[in-house]
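J.: Dumping the structure here so I can ask a few things about it.
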Amino acid sequence: RGDETGRLSESKPGEQSKSPPYESKEPPPPLILVVDDDPSVCTFLAQIIGDAGYRVKTVRDGYSALEIARRERPDLITLDIMMPGMDGNEVISRLRQQRELKNIPIVVISVLPESETPGGDAILAKPVDERRLIGTLYALLNQRNEKLPDIHPCMVVTSDGMPSNGVRLYCPNKTANC
């Protein structure tokens with residue numbers, strides 16, 4: 001059971017979940033793992049993602065992200081790049097090397113330019129636009145649920161390279177507007 005902060009009593013330090021226990025005959029909503037060393041960013045993203053109906057677990061470092069990914073197999077991961085210890089690029093590299101984890105979609109959420117954030121399936125700049133975030137999650141999760149043989153990276157593009165009201169995901173044989 002979680003307390004009012006969303007911390008689960010059985011969680012290890014650094015783990016947090018906003019998700020209530022799921023009791024239904026329907027399949028549970030997708031689980032999103034939020035990875036950011038800034039607690040306020042974790043809280044912000046967990047609130048947005050949870051309010052959109054997804055289950056959310058947050059961690060604040062790369063080592064915990066890998067442990068949770070192995071144990072809980074999230075449906076999608078949001079990941080900061082600049083973190084102490086193991087940075088986001090190393091987390092991506094390690095996830096992509098493991099057969100059972102390599103196809104988990106990863107949304108990089110960073111202040112770094114796109115050229116410095118290789119390996120994610122989508123990239124969003126901080127500060128994150130809520131609608132763009134949820135649209136990106138929805139597009140990547142829908143692509144994954146089509147049971148494609150392999151998940152291929154998507155490229156996020158705006159018309160002028162600057163933040164706008166919409167985003168377009170270019171994926172092999174697909175284009176998704178969010």
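Listed here are the residues, each with its yes/no results for (1) outside any loop (DSSP other than H, G, I, E, B); (2) more than 19 Å from Leu124 (Cα to Cα); (3) open to solvent by 50 Å² or more (accessible area, probe 1.4 Å); (4) at pLDDT below 95.
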residue	(1), (2), (3), (4)
Ile48	yes, no, no, no
Val56	yes, no, no, no
Ile68	yes, yes, no, no
Thr78	yes, no, no, no
Ile81	no, no, no, yes
Pro84	no, yes, yes, yes
Ile92	yes, no, no, no
Glu100	no, yes, yes, no
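J.: Is there a residue in segment 112-128 that is basic (Lys, Arg), in contact with a helix residue (DSSP H, G or I) (Cβ under 8 Å, 6 or more places away or on another chain), touching a residue at least 24 places away in the same chain (Cβ under 8 Å) and over 18 Å from Gln143 (Cα atoms)?
T.: Checked segment 112-128: at least one residue is basic (Lys, Arg), in contact with a helix residue (DSSP H, G or I) (Cβ under 8 Å, 6 or more places away or on another chain), touching a residue at least 24 places away in the same chain (Cβ under 8 Å) and over 18 Å from Gln143 (Cα atoms).
J.: Now for a separate question. In segment 114-140, what count of residues is obtained for those that are open to solvent by 70 Å² or more (accessible area, probe 1.4 Å), modelled with pLDDT under 90 and either under 11 Å from the mean Cα position of the chain (by Cα) or of a type outside the set (D, E, K, R) (or both)?
T.: The number of residues fulfilling the criteria is 2.
The values are calculated or read from the model by the stated rules, or taken from the named source; none is laboratory data. It should be emphasised that the depicted structure is a prediction, and the values quoted were computed from it without experimental measurement. Glycine gets a Cβ as well: all are built from the backbone with ideal geometry, and neighbour counts include every protein chain shown. These accessible areas exclude ligands, DNA and RNA; they are computed on the full protein's heavy atoms, side chains included. Shrake-Rupley method; radii C 1.70, N 1.55, O 1.52, S 1.80 Å.
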